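Below is one structure; the comments refer to it alone.
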Amino acid sequence: MGTEQMHIVIVYPGKIPVYKYGGTGRDIWYEGQELTGMGHRVTYLTGAGSHSPFADVKVYNPVVPVQDQLPDGVDVVHFHFTPREPVKVPYMVTIHGNPGFGEEIDINTVFVSKDHARRYGSEMFVYNGMDWDDYGAVDLNGRRTHFHFLGNAAWRVKNLRGAIQVTRMAREQLVVLGGNRLNFRMGFRFTPDRHVRFKGFVGGEKKFGAMRYSKGLLFPVLWEEPMGLAIIESLYFGAPVFGTPYGSLPELVPADAGFLSNSASSLAEAITQADHYNPTWCHQYATDCFNARVMTENYVKLFEKVIRGEKLNPVIPSRLLPPDKDRFPWYD
């Protein structure tokens with residue numbers, strides 16, 4: 001099967017392409033693009049308004065069984081969420097978030113990092129990968145003027161407050177990509193700190209430009225981060241990562257690529273030494289290890305397994321820790 005053309009259906013309830021926030025949508029876009037370049041046929045079953053120049057697109061209807069929405073001649077279906085009903089063709093599931101304790105997970109589930117898989121008793125994972133050609137120019141020798149935060153600032157586990165605290169302590173400037181100074185989304189929230197600039201939910205060159213001349217990414221998450229596209233995107237632009245040692249961060253951020261601690265004072269001290277990291281090394285690491293071709297080649301190997309009738313996990317993965325037993329401290 002390795003050299004034969006496959007017809008692959010990628011199922012995702014969101015709209016593609018994405019232009020701003022939306023890591024999963026970006027993943028499946030690059031997956032489909034790479035599969036097509038490898039000679040496979042791709043059909044997207046995605047949200048209304050989706051379009052693609054390289055694949056067929058059908059509108060996903062969440063109230064109709066997926067089996068009834070599949071086109072003829074499908075070899076394998078790749079879900080980017082757990083399907084609710086049985087599927088009668090070979091399939092696999094990529095989970096991008098953290099299913100809760102007792103939440104149903106499919107036996108053909110693939111996770112997005114080694115740590116992500118481990119927490120559910122699995123060894124099956126494929127790292128996300130980007131098409132770096134979409135990210136514009138890099139300037140690895142340019143003057144770097146600020147740090148950046150990249151993520152949904154309204155989501156407390158992303159810990160924007162911690163990023164602001166660290167840069168305040170170090171007397172550094174912070175650019176926030178993914179939020180606004182005045183926020184009503186999770187109750188009234190106003191950030192008065194003048195060393196912080198908010199860019200809102202931006203994409204394209206507005207986003208890339210802020211990362212291109214950044215001294216580093218502040219990523220002090222307070223949850224078990226499954227993968228973190230912000231990490232690899234920042235490294236691509238030569239920006240080291242300063243974050244907490246939770247979830248996938250220890251495996252994604254080696255010592256040459258950044259510093260991890262759950263102490264604000266330790267991170268503040270570390271970012272004063274940001275220029276000790278080599279932007280070229282960070283860039284090459286992201287380019288080599290987290291690119292769309294590597295991700296898609298690994299997916300193809302798994303497609304071939306399920307087509308042969310193999311299960312991707314020996315037992316159904318499940319959350320190993322009971323609720324309220326995992327704590328994520330942040331020390332001032």
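Overview of results
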read-out: Linear extension gain, residue 318 paired with residue 89, 0.36 nm per residue minus alpha-carbon span; value: 80.1 nm
read-out: Cα point-scatterer Debye curve for segment 108-169, base-10 log of I(q)/I(0) at q = 0.14, 0.18, 0.28 Å⁻¹; value: -0.78, -0.99, -1.02
read-out: Rg/Rh for segment 136-288, where both radii come from Cα atoms and Rh is the Kirkwood radius; value: 0.93
read-out: Using alpha-carbon coordinates, inclination of helix 23-37 to the longest axis of the chain, degrees; value: 50
read-out: At q = 0.21 Å⁻¹, base-10 log of I(q)/I(0) for segment 291-332 (Debye sum, equal scatterers on each alpha carbon); value: -0.78
read-out: Hull shadow area, averaged, the chain [alpha-carbon convex hull, nm²]; value: 17.0
read-out: Residues 175, 253 arranged by fewest to most Cβ contacts within 10 Å; value: 175, 253
read-out: Residue-averaged [θ]222 nm for the chain, counting only DSSP H segments that reach four residues, each worth -39500 (n - 2.57); value: -7500 deg cm²/dmol
read-out: Length-normalised contact order of segment 136-288 in % [C-alpha pairs under 8 Å, at least 6 apart]; value: 25
read-out: Relative contact order (percent, whole number), the chain, Cα cutoff 8 Å, 6+ residue spacing; value: 20
read-out: From phi via Karplus (6.51, -1.76, 1.60), per-residue ³J(HN,Hα) for segment 295-302 in Hz, x at Gly/Pro; value: 4, 6, 4, 5, 4, 4, 4, 6
read-out: Candidates 33, 69, 165, ranked by Gaussian network fluctuation over the chain, Cα under 10 Å, top entry; value: 69
read-out: The chain: angle of helix 160-169 to the longest principal axis, Cα-based, in degrees nearest 10; value: 30
read-out: FRET efficiency estimate (nearest 0.05) - Cβ-Cβ, residue 195 to residue 330, R0 25 angstrom; value: 0.80
read-out: Segment 70-197, Rg to Rh (Cα coordinates; Rh as Kirkwood inverse mean 1/r); value: 1.09
read-out: Calculated FRET efficiency for the pair residue 5/residue 133, C-beta based, R₀ 22 Å, to 0.05; value: 0.35
read-out: Cα centre as origin, Lys/Arg/Asp/Glu Cβ charges: the chain dipole, Debye; value: 1340
read-out: For the chain, share of DSSP beta bridges that run antiparallel, in % to the nearest 5; value: 5
read-out: Of 88, 199, 301, the one that fluctuates the most in a GNM where the chain has Cα springs shorter than 10 Å; value: 88
read-out: Relative contact order (%) - segment 1-126, alpha-carbon pairs under 8 angstrom, separation at least six; value: 21
read-out: Residue pairs, from the table 114/206; 158/199; 114/305; 114/215; 158/207, whose Cα atoms sit over 21 Å apart; value: 114/206; 114/215
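Bear in mind these aren't lab numbers, they're just calculated from the coordinates by the rules spelled out. Please read these numbers as outputs of a predicted model, since none were measured by experiment. Every residue, glycine among them, receives a Cβ derived from its backbone with ideal geometry; neighbour counts consider all protein chains shown.
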